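Below: the structure, in structure tokens.
The values are calculated or read from the model by the stated rules, or taken from the named source; none is laboratory data. These numbers were taken from a predicted model, which means no experiment stands behind them. Counting neighbours? That spans all protein chains shown, and the Cβs are built from the backbone with ideal geometry, glycine included.
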Amino acid sequence: MSCMSISTDSLGALNVFIQAAETRSFTVTGRQLGVSSSAVGKAIARLEDRMGVRLFHRSTRAITLTAEGQMFLERCRRVLSELEAAELELAQTRARPAGQLRVSLPLVGMLMMPTLTAFMETWPEIELDLDFSDRLVDVIEEGFDAVIRSGEPTDSRLMTRRLGSSGFRVVGSPAYFERHGTPRCAAELAQHRCLHHRYPSTGRLEPWHIEGLAEGALPRTAISSAIEPLLDMAEHGLGIACLPDFAVRAHCADGRLVAVLEDAVKGNAEFRVYWPSSRHISPKLRVFVDFMAETLFASAPEAASFRSSPTGKSSPPEET
């Protein structure tokens, strides 16, 4: 039995049926809907005739659902819920995205500020509340609207969309390489001043993504739990670092940093945006997800393969 066989004209009868099932009284249902108990009884009778089953057991004191009525009630609730959802989604498409949007980003997200600034200029009525941290956050319990992190999805309560990938570069300043020479292979890195990133969540050093490099082979000139200090130290000639491409792209383009061993660098860091699983995504969250997916890695050399959706179209989110 499926209440999808009920025509649109019968949606009112479905509402009457649901009200009667919940109140267990034609009289109370009629009072709630502003009609007589007799009108309620006739609407239920017509519905039973149409479905070909009895939906209620009737007595002088009360009405109770039959087994078929209970099954029909569950289906009808889903039908009306879907209708309400469709109406809400249509209303949201007409709404102007606005209000506060709480977003958690990794510490390297500070280097995403040009994209975030562009978003704020595009959607001035959205107030960004940004939390920069590499700790593992509970998106739902901590009340975040969205979280941007690298790595693979693990929380089944969340929806996710891929923002893009970033390769790595080993970089140093021109002055550094002039003083210390340029490494020509991975083994020569052991003679250089190496700047390392430590994962705040685990305390471990992030490995350099260099083919043929033995673990633990690099000197530890400086260690930082954030990317920005490493970038600043490299720019001031204090050492070399292995950093995400998007973090050093502008520095390499204007000559502040020089990339070396590019043929030996391997691997990518993939970034995703996560948000609580829900049938209804708010307009402010929808435009944020679309904007970041279409813009964050758009200037990368392989931007076409990184983007999650063609410009102007939203690709569907993935369930984790």
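I'd like the residue in segment 58-102 that is outside any helix (DSSP H, G or I) and of a type in the set (D, E, K, R) and, out of all such residues, is modelled with the highest pLDDT.
So the first thing to find is which residues in segment 58-102 are outside any helix (DSSP H, G or I), and the list is 58-66, 95-102.
Checking the rest, the ones that are also of a type in the set (D, E, K, R) come to 58, 61, 96, 102.
Details: ARG58: 88, ARG61: 78, ARG96: 81, ARG102: 95.
Among those that are outside any helix (DSSP H, G or I) and of a type in the set (D, E, K, R), it is ARG102.
Please verify whether LEU105 is in contact with a strand residue (DSSP E or B) (Cβ under 7 Å, 6 or more places away or on another chain), in the same structural domain as SER150 (by TED's automatic domain parsing) and modelled with pLDDT of 85 or more, treating the condition exactly as stated. Show your work before the answer.
Details: in contact with a strand residue (DSSP E or B) (Cβ under 7 Å, 6 or more places away or on another chain): yes; in the same structural domain as SER150 (by TED's automatic domain parsing): yes; modelled with pLDDT of 85 or more: yes.
Yes, satisfied.
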>> Between VAL16, VAL35, which is assigned to a loop (DSSP other than H, G, I, E, B), of a type in the set (Val, Ile, Thr), over 30 Å from LEU136 (Cβ atoms) and modelled with pLDDT of 85 or more?
In response: VAL35
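Right, MET120: surrounded by fewer than 17 Cβ atoms within 10 Å (Cβ to Cβ), at negative phi and of a type outside the set (Gly, Ala, Ser) or not?
Details: surrounded by fewer than 17 Cβ atoms within 10 Å (Cβ to Cβ): yes; at negative phi: yes; of a type outside the set (Gly, Ala, Ser): yes.
In short, yes.
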>> So PRO301 passes all but one of these: (1) within 22 Å of MET120 (Cα to Cα); (2) at pLDDT below 55. Which condition number does it fail?
In response: (1)
>> Go through (1) in contact with a helix residue (DSSP H, G or I) (Cβ under 7 Å, 6 or more places away or on another chain); (2) farther than 30 Å from VAL147 by Cα; (3) not aliphatic (A, V, I, L, M) for PRO97 and report which single condition fails.
In response: (2)
>> Take the residues in segment 242-262 that are surrounded by fewer than 18 Cβ atoms within 10 Å (Cβ to Cβ) and among the acidic types (Asp, Glu); name whichever of them is nearest to LEU213 (Cα to Cα).
In response: GLU262
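Conditions tested, residue by residue: (1) within 15 Å of ALA13 (Cα to Cα); (2) outside the structural domain of GLY12 (by TED's automatic domain parsing); (3) touching a residue at least 24 places away in the same chain (Cβ under 8 Å).
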{"position": "THR23", "(1), (2), (3)": "no, no, no"}
{"position": "THR27", "(1), (2), (3)": "no, no, no"}
{"position": "LEU33", "(1), (2), (3)": "yes, no, no"}
{"position": "SER36", "(1), (2), (3)": "yes, no, no"}
{"position": "GLY41", "(1), (2), (3)": "yes, no, no"}
{"position": "MET51", "(1), (2), (3)": "yes, no, yes"}
{"position": "ARG58", "(1), (2), (3)": "no, no, no"}
{"position": "LEU65", "(1), (2), (3)": "no, no, yes"}
> Residues of segment 171-205 being assigned to a helix (DSSP H, G or I) and surrounded by fewer than 15 Cβ atoms within 10 Å (Cβ to Cβ), which ones?
Replying inline: PRO174, ALA175, GLU178, ARG179, ALA187, GLU188, ALA190, GLN191
